[in-house]
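Read the structure below first, then the notes.
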């Protein structure tokens, strides 16, 4: 089975721009969640989607948004980028409530 | 405040030794996860612990959960260099599809 696929792997953007990150979950997984990882703040939850519905959202500003499509693929968007948005963004999919989250390789975003 | 605390945050040890990483969390939870991350890589699932007294083992790693003490441990037996990595615990508090993560324990095992 193919794993979680995130594209692109690397992105360099300038302040004020916007960016869209993509995540394809493992086939059959309907839950997709997003996490931000930085050296200073560690791993922080962004959002979780199931069957196109956002079930929970982390404590991030409204510049961070996401969505899930009917095929369970998910995107997250960050508008008006700030230097502090530089991070590794990880997507994970899950088959059921008590199963592990399977993470993709992440998208490393650098904002200059 | 929802908090997950790991200790130690850094551990350097010799091959062949045993050690334990601790994960304390601040409120009730019905799921606790352990993950491994190698430098520059993503997160690899090690264990999912679902109930009080749960114990799981894989190779030289064994994880346990005490929900009454809000404590999980990851025990490393006879460490080998390949186990060098950063280990994270994460807790789903209040079953709201959101994992709260510990800061990670960076483990270095010297040959």
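Okay, here's what the table says:
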item: P(r) histogram, all alpha-carbon pairs of chain B included - 10 Å bins from 0, percent; result: 15, 50, 29, 6, 0
item: Longest to shortest principal axis, alpha-carbon extents of region B:5-64, angstrom; result: 34, 26, 22
item: Ascending count of other beta-carbon atoms within 10 Å, so fewest first, for A:48, B:5; result: B:5, A:48
item: Spin-label proximity, residue A:97 to region B:92-106 - amide N less than 20 Å from point 7 Å beyond Cα toward beta carbon; result: B:92-100
item: Ranked list, fewest to most other Cβ atoms within 10 Å of each Cβ, for B:100, A:26, B:108; result: B:108, A:26, B:100
item: Chain A pair-distance distribution - Cα-Cα, 5 Å bins, rounded %; result: 2, 13, 24, 26, 19, 10, 4, 1
item: Residue A:53 paired with residue B:75, simple spin-label distance in nm, labels 7 Å along Cα-to-beta-carbon; result: 4.2 nm
item: Rel. contact order, % - alpha carbon contacts under 8 angstrom, at least six apart, chain B; result: 37 percent
item: Relative contact order for region A:18-112, counting Cα pairs under 8 Å that sit 6 or more residues apart, in percent; result: 32 percent
item: Among beta bridges that DSSP assigns inside the protein assembly as shown, antiparallel share in %, nearest 5; result: 90 percent
item: Computed over the protein assembly as shown, Kirkwood Rh from alpha-carbon pairs, angstrom; result: 18.0 Å
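No value in this document is a laboratory result; all are computed from the given coordinates. Predicted model only: the values in this text are computed from it and were never measured. Because the Cβ atoms are built from the backbone with ideal geometry, glycine has one as well, and the counts that use them run over all protein chains shown.
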